[in-house]
1. From the set of residues in segment 58-97 that are of a type outside the set (A, V, I, L, M) and under 11 Å from the mean Cα position of the chain (by Cα), which is nearest to I24 (Cα to Cα)?
2. Please count how many residues of segment 63-106 are among the polar types (S, T, N, Q) and surrounded by 19 or more Cβ atoms within 10 Å (Cβ to Cβ).
3. Please determine, by comparing only the residues of segment 124-134 that are touching an Asp or Glu at 6+ places or on another chain (Cβ under 7 Å) and not acidic (D, E), which one is nearest to S34 (Cα to Cα).
4. Considering only residues that are of a type in the set (G, A, S) and touching a residue at least 60 places away in the same chain (Cβ under 8 Å), which ones fall in segment 71-99?
5. Out of L53, L39, which single residue is more than 14 Å from V127 (Cβ to Cβ), surrounded by 17 or more Cβ atoms within 10 Å (Cβ to Cβ) and modelled with pLDDT of 95 or more?
Amino acid sequence: MRFRLYSDGGSRGNPGDSAYAYIICDEKGKEIGSSSNFLGTMTNNEAEYHGLLAGLKDVVRRGGTEVEVFMDSELAIKQLKGQYRVRALNLMPLYEEAMRILESMAMAKVTHLHRENETITKADAMVNWTLDQHALARQLHR
């Protein structure tokens with residue numbers, strides 16, 4: 001089965017409170033699943049990779065054998081394509097796990113999309129909603 005995965009991650013502060021979101025679409029572009037999660041304190045790039053990994057694992061759970069990944073993180077996409085080396089030690093295990101999953105697919109393609117893309121914009125809004133909810137819960141807890 002072929003899926004399209006749109007993922008995003010964000011951090012308020014770098015490092016700071018972080019979250020990820022992803023959206024899975026079928027090969028015709030129909031949304032079939034999504035999720036977001038608060039991650040705690042980490043860097044923006046770590047959050048991007050966590051979003052990618054959560055989405056890839058969901059694709060595998062759904063029986064995906066082919067995946068097209070779309071992210072607005074130019075760094076992550078260029079690392080996944082081999083155009084940039086992974087120098088940050090905190091990203092290396094995340095990158096390696098993502099590559100293992102991508103390489104296990106019959107077909108995997110990664111593409112950088114600008115934030116103006118409608119689905120990436122929605123994933124970004126999910127990240128911000130998750131961060132807002134965590135901040136609100138923290139405020140109410142005080």
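1. Taking segment 58-97 as the starting set, the residues that turn out to be of a type outside the set (A, V, I, L, M) are 58, 61-66, 68, 70, 72-74, 78-79, 81-85, 87, 90, 93, 95-97.
Now restrict to residues that are under 11 Å from the mean Cα position of the chain (by Cα): 70, 72-73.
Details: F70: 10, D72: 15, S73: 17 Å.
So, considering only residues that are of a type outside the set (A, V, I, L, M) and under 11 Å from the mean Cα position of the chain (by Cα), the one nearest to I24 (Cα to Cα) is F70.
2. First pass over segment 63-106, keeping only residues among the polar types (S, T, N, Q): 65, 73, 79, 83, 90, 104.
Applying the additional criterion that residues be surrounded by 19 or more Cβ atoms within 10 Å (Cβ to Cβ) yields 73, 79.
The total comes to 2.
3. First, the residues of segment 124-134 that are touching an Asp or Glu at 6+ places or on another chain (Cβ under 7 Å): 124, 127, 131, 134.
Still in the running and not acidic (D, E): 127, 131, 134.
Numbers: V127: 11, L131: 16, H134: 19 Å.
Within segment 124-134, the match that is nearest to S34 (Cα to Cα) is V127.
4. Looking only at segment 71-99, we keep the residues that are of a type in the set (G, A, S), and these are 73, 76, 82, 88, 98.
Within segment 71-99, S73 is the sole residue that qualifies.
5. Working: L39 fails: more than 14 Å from V127 (Cβ to Cβ).
Residue meeting the stated conditions: L53.
The values are calculated or read from the model by the stated rules, or taken from the named source; none is laboratory data. No experiment lies behind these values; they were computed from the predicted model shown. All Cβ positions, glycine included, derive from the backbone under ideal geometry; neighbour counts span all protein chains shown.
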